[in-house]
Each structure stands twice: as C-alpha cells, then as structure tokens.
Amino acid sequence: MTTTEIKTNDRATAEATTVRPNPTTAAPRLNFAKAAPKVFRAVIGLDAAAREGLDPALVELVQIRASHLNRCAYCLHMHTTDARKAGESEDRLHMVAVWQEAEHFFTAREQSALALTDAVTRIGDAGVPDEVYDRAAAHFPEEELAHLLALIFTINTWNRIALSTAKRAGTDER
C-alpha cells in the first residue's frame, strides 16, 4: 500500500467511525454568539474583511466547497441558499462537490480557487502544495489572493463553530 492509499484509508476509516451529533435530536448546545460575543464579532469582522474585493459568486462557491469538505450541513444550506438568491445555477451548485470531474462548469479562475479551498481546508493531509498555490497565484493578484485565503480561513472557522455547537441545517440563524 502506498502512503497516499494509507492516508485515504485512514481518512475513510475515521469518517466511517466518527460519531457526529444528530442536530435534529441532539440536546441544544451553547449559543456561541451570546456566550462569546467579542469572539463572534471578531469572526464576523474577519469574514467581512475577507470578502472585500472578491466576486460574490466566487465567495459562495468557496464557502460551499469548504462546507462540503467539512460536512457542515448548516453552512452548506446557508450558502447554497445565498448562491441561488444571487442567481447561481442549479447545475453549478450540484457540481461544486465534484468540481474536479466537472471542471467545464467552472472558469479556470474558479477552479484555482476551489483547488486552493480543498488544500487549505485539508491542510493536515499535505499542506498547500506549490502547484495549487501557484495556480491560484496565477489567477489572483496578491491582495486578492490574500483575501481569498482569508475567506477560506473564515469559512473553515464558521464550519467549526456550526459543527461544534450542533447548528441545525435550515435554521440559518444569522
């Protein structure tokens, strides 16, 4: 077995054996915004700053992709709803989860952002490979690339907040 196969097997085993709370039956957990308002506002501030100068459609694609990878139903529902309201097509929304096999649905710029999202979200697997970073850097000027990275950091934080506090998909408490 190769190292890649071992990592893939380890992740599949971990995912198969991970017990997640069922948000439809789980006891209510803390309200993060009320329990840590300064922290919550700081994350909101980071989120707002990260979005500056980025195409809103790209923002939603990145947030949807990270939410897929993190298995965050709450954020996935919120961002697919927002993307639809902004005019995103159902075809593209369905293809985000398998974007590598459906690249023709996305521009080269969007593909580079999705690849960077994958690498940063799964940073523990292999870091951010140079080819992924370089591909994104070829499509985004330095300031925009920094904002894209901050957006990826932020959605991963939101995913962790929602998953840790067992937020229920479809409630979209903002």
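The values are calculated or read from the model by the stated rules, or taken from the named source; none is laboratory data. Keep in mind that what you see is a predicted model, and the values were worked out from it rather than measured. Positions of Cβ are backbone-derived with ideal geometry, glycine not excepted, and every protein chain shown enters the neighbour counts. Remember, those area values only see protein heavy atoms, side chains included, never the ligands or the DNA or RNA. Shrake-Rupley method; radii C 1.70, N 1.55, O 1.52, S 1.80 Å.
Computed quantities for the displayed model
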quantity	calculated
Rounded accessible area of Val98 (nearest 10 Å², 1.4 Å probe)	60 Å²
Per residue, in Å², the accessible surface of region 62-103 once ligands and nucleic acids are set aside, probe 1.4 Å	44 Å²
Cα-projected label distance for Asp130 with Asp91, points at 7 Å along beta-carbon direction, nm	3.8 nm
Using θ = phi - 60° and Karplus 6.51 cos²θ - 1.76 cosθ + 1.60, couplings along region 166-171 (whole Hz; Gly, Pro as x)	6, 5, 9, 4, x, 8
Net dipole in debye of region 56-165 [+1 Lys, Arg Cβ; -1 Asp, Glu Cβ; about Cα centre; nearest 20]	480 debye
Region 114-174 - Rg (one decimal) and Dmax (whole number), Cα, Å	13.9, 39
Solution diffusion estimate, µm²/s, Stokes-Einstein, region 38-91, Kirkwood Rh from C-alpha pairs, 25 °C, viscosity 0.890 mPa s	206 µm²/s
Relative packing of peptides 44-50, 158-164 - highest average C-beta neighbours within 10 Å first	158-164, 44-50
Cβ-derived FRET efficiency at R0 41 Å, Lys34 paired with Gln100, nearest 0.05	0.55
Carbon + sulfur, % of accessible area of region 45-174 - ligands and nucleic acids excluded, 1.4 Å	55 percent
